Each structure stands twice: as C-alpha cells, then as structure tokens.
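Each remark here refers to the structure printed beneath this line.
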Amino acid sequence: MGDLSELAKEYKGSGFRIIGLSADAMPENPDMVLSSKEMFESAGGNFTNIIASQSVIKTMLQGVNTVPTTKFYDSEGRLITVVHGAKSKQKWIDIIETVMNEKA
C-alpha cells in the first residue's frame, strides 16, 4: 500500500491516477466502512479509495479471481489492461510508463 501511495504522489499531475476500490465493505454498513477506512490508512494508503456499491462491485469485479487485480483505464473509461498480483514499486513504474506511453 505504501508503494501505491508513493506512486500516487509521484504521478500527481501527470494524467495518471491511482484509485482503490474497496470490495469488502458495504456502503450501507457504517461499521464496515469505518473498519475498511482504518485498515486502508493503517496500511499506508493515502490515495483515493472508494467504498463500492453492489452494482459497482458486480461490474468492476466481474471475472476477478486474483487479489489484488489492477485495472488500467484510459480517460474515456475504456479498459486498457489488467494486471494480476502484487508488484514491487519499480515493476509498477515499468507498467505505468508502458501504459502511459502506449496511450500517448
């Protein structure tokens, strides 16, 4: 989580943005939302993290069978690529730069 927070700060203003999607808390359950927020912050998260509704979860997590799964979208909301599993900070940089250069 710390690496993603660092990357969010480093890429700020570049057109690239990291947004987390919490799928283990229900928006209608304040205790779950608070617990999810506390876990995110204690893990070093300081980028946008959304508590998803059930409809968003069904749409965004359809076919996801690996945690974490990272999806890259362009500015029009089109899916560019999907990356499965955790990565080192340098590997994320390599992936981000590849995606950004392909969309340039």
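Using the alpha-carbon atoms, what tilt in degrees (0 to 90, nearest 10) does helix 30-42 show relative to the longest principal axis of the chain?
It works out to around 40 degrees.
Filter the GluC sites (Glu not before Pro) in the range 1-30 to those in DSSP coil with at most 16 other Cβ atoms within 10 Å of their Cβ, and list the result.
Those satisfying the criteria are Glu28.
Quick check for you: with a 1.4 Å probe and neighbouring chains kept, what is the accessible area per residue of the chain, in Å²?
In whole numbers, the chain has 68 Å² accessible per residue.
Looking at the chain, which trypsin sites (Lys or Arg not before Pro) are in a loop (DSSP not H, G, I, E or B) and have at most 14 other Cβ atoms within 10 Å?
Lys12, Arg17, Arg78
Between the alpha-carbon centers of the range 1-78 and the range 81-104, tell me the distance in whole angstrom.
So the separation of the two Cα centres works out to 16 Å.
What's the carbon and sulfur percent of the range 2-104's accessible surface, probe 1.4 angstrom, rounded to a whole number?
53
Only one of the listed values, [x] 13, 39, 26, 15, 6, 1, 0; [y] 17, 57, 26, 0; [z] 13, 45, 35, 7, 0, was derived from the coordinates as P(r) over Cα pairs in 10 Å bins from 0, in percent; which label is it?
[z]
Taking square-rooted eigenvalues a ≥ b ≥ c of the alpha carbon gyration tensor, is the range 1-55 rounded, prolate or oblate, where a/c under 1.5 means rounded and, failing that, a/b exceeding b/c means prolate?
oblate
Using unit Cβ charges (K, R positive; D, E negative) and no other charged atoms, how large, in debye to the nearest 20, is the dipole of the chain about its Cα centre?
220
DSSP loop chymotrypsin sites (Phe, Trp or Tyr not before Pro) in the range 13-81 with at most 16 other Cβ atoms within 10 Å of their Cβ, which ones?
Answer by residue number: Phe16.
The values are calculated or read from the model by the stated rules, or taken from the named source; none is laboratory data. On a predicted model such as this, the values are computed, not experimentally measured, just so you know. Every residue, glycine as well, gets a Cβ built from its backbone with ideal geometry; the counts of neighbours run over all protein chains shown. The area values use the complete protein model at the heavy-atom level, side chains included, leaving out ligands, DNA and RNA. Shrake-Rupley method; radii C 1.70, N 1.55, O 1.52, S 1.80 Å.
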